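Okay, structure first, notes after.
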Amino acid sequence: MAEIDATTERIRAHLLRATQLTSTGAAARKAARRILIDVAVEGYGLYVTLEDHLAGFSAARRIQVVTARAGRFLPLELVYDRPAPDEDAELCPNWVAGRECGPHCFADEEDSTVVCPAVFWGMSRVIERQHTTLAGREGTAFLVTATPTREQRLLTVTHAVLGASEKVRATDVTRTAKALGEDATRVATWEEWVAALKAAPSDLLVLMPHTDPKVRTMEITGQSLRIERVKTGHVTGGHEVRPVVVLFGCDTDGSRDDPAGFATWFMKKGAAVVFSTLTMLLARHAAAMSQQLASALRAPDRAEQPLGELVAAYRREAVRGGLISALAVTAYGDADWKV
């Protein structure tokens, strides 16, 4: 639907403002509230556009989105199913305080004086994205890749490999490596990346590349690689491993015509899960989001949990901490994987 594409582009533009925030303190909080209001208004517009189709999902806490063509993107994470907040709406006090959010955050069903980030579907629901391959000429049969089975549902994140664009500050790369653990392998070239994956099974792959969506390239340390040249060796290293891939970079969502291109390519080459973003990220935001996600995945005291629950919790904590762009984080892969 053209309306969905137009709304998605407006949401991207608002979230791009979040990556460019340079203010601090009260000014930063005011700017972040303004962006949340703008995204919520568009999110409500998206809800109204899809209302007839979403009627059966209003009470659902787990939703699966299956896409056969990467260019067809439905941003359910950004749906806001309450009235559009006022221009001067206050940020939900319960959200700010870390308390449970719900209907009690508002005076009534029509209250638009409060904007509550917990209302966004990506904050309150498990949204699983699956990219499938058209297996039938008529488009009636589909093949889904890298799905968990009863015998194999647990994904480990014991050994990480990290690659970053030359645009990412050295201090940010160092902080990200620290969040990944002492045994993380840092690489400087794509050749080193492939060699590292071949040398040892690696189940957590973190890339903070600079990308050029027009020619679909990813750059690390000044060296660009076209996505079509990414092989299984770039993902599994030839080992029996289904890695978790974190793909946070300047524009890893691909192009306007192919918004999930980078993520789905890694899925096709053997990844179990790929974290990507709907909007462009500056290097420092990509690093901050990678660090927080890495810390969540590698937390020694974290109990085993379904991937979908971890993703929703990550979005909530990242946005609460000021990383508004985390609203646009998408996770491709089966939500029944456990980590």
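In table form, for the structure just shown:
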| item | result |
| --- | --- |
| Label-reachable residues, region 6-35, where backbone N falls under 20 Å from a point 7 Å from Lys178's Cα toward its Cβ | none |
| Calculated FRET value between Val66 and Glu100, using beta carbons and R₀ = 51 Å, to 0.05 | 0.95 |
| Fewest-first sequence of Val157, Val246, Val173 by Cβ atoms within 10 Å of each Cβ | Val157, Val173, Val246 |
| 17 Å Cα-Cα reach of Lys30 towards aspartates and glutamates, excluding residues that sit fewer than 8 places from it in its own chain | Asp38, Asp86, Glu87, Asp88, Glu90 |
| Fluctuation leader among Ala318, Ala272, Ala160 - the chain, Gaussian network, Cα springs under 10 angstrom | Ala318 |
| Student exercise, the chain dipole from Lys, Arg, Asp, Glu Cβ charges, in Debye to nearest 20 | 1060 debye |
| For the chain: relative contact order, % (alpha-carbon pairs under 8 angstrom, 6 or more apart) | 20 percent |
| Sorted by Cβ density within 10 Å, fewest first, the residues Val194, Val126 | Val194, Val126 |
| For Ile4, Ile37, order by how many other beta-carbon atoms lie within 10 Å, fewest first | Ile4, Ile37 |
| Selection from Ser325, Ala200, Val79 lying farthest towards where the dipole of the chain points positive, charges on Cβ | Ala200 |
| Listed residue (Gln20, His53, His104) projecting farthest to the positive dipole end of the chain, Cβ model | Gln20 |
| Prolate/oblate/rounded label for region 1-125 (Cα gyration tensor, a/c 1.5) | oblate |
| Charge dipole (debye, nearest 20) of region 160-332; +1 at Cβ of Lys and Arg, -1 at Cβ of Asp and Glu | 200 debye |
| When each of Lys178/Lys338; Lys178/Lys231; Lys198/Lys338; Lys198/Lys269; Lys167/Lys268 is checked by Cα-Cα distance, pairs over 21 Å | Lys178/Lys338; Lys178/Lys231; Lys198/Lys338; Lys167/Lys268 |
| Three-way shape label, region 262-339, alpha-carbon gyration tensor, a/c 1.5 | oblate |
| Computed [θ] at 222 nm, helices only, for the chain once each DSSP H run of length n ≥ 4 contributes -39500 (n - 2.57) | -11000 deg cm²/dmol |
| Gyration tensor (alpha-carbon) shape descriptor, region 191-339, a/c threshold 1.5 | oblate |
| Length released on extending from Ala303 to Asp86, taking residue separation times 0.36 nm less the Cα-Cα span | 74.2 nm |
| Charge dipole of region 160-332 about the Cα centre (unit charges at C-beta), most positive-ward option of Thr211, Leu162, Phe262 | Thr211 |
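Where a number appears in this text, it was derived from the coordinates with a stated rule and is not lab data. Worth saying up front: this structure is predicted, and the values here are computed from it rather than measured. Counting neighbours? That spans all protein chains shown, and the Cβs are built from the backbone with ideal geometry, glycine included.
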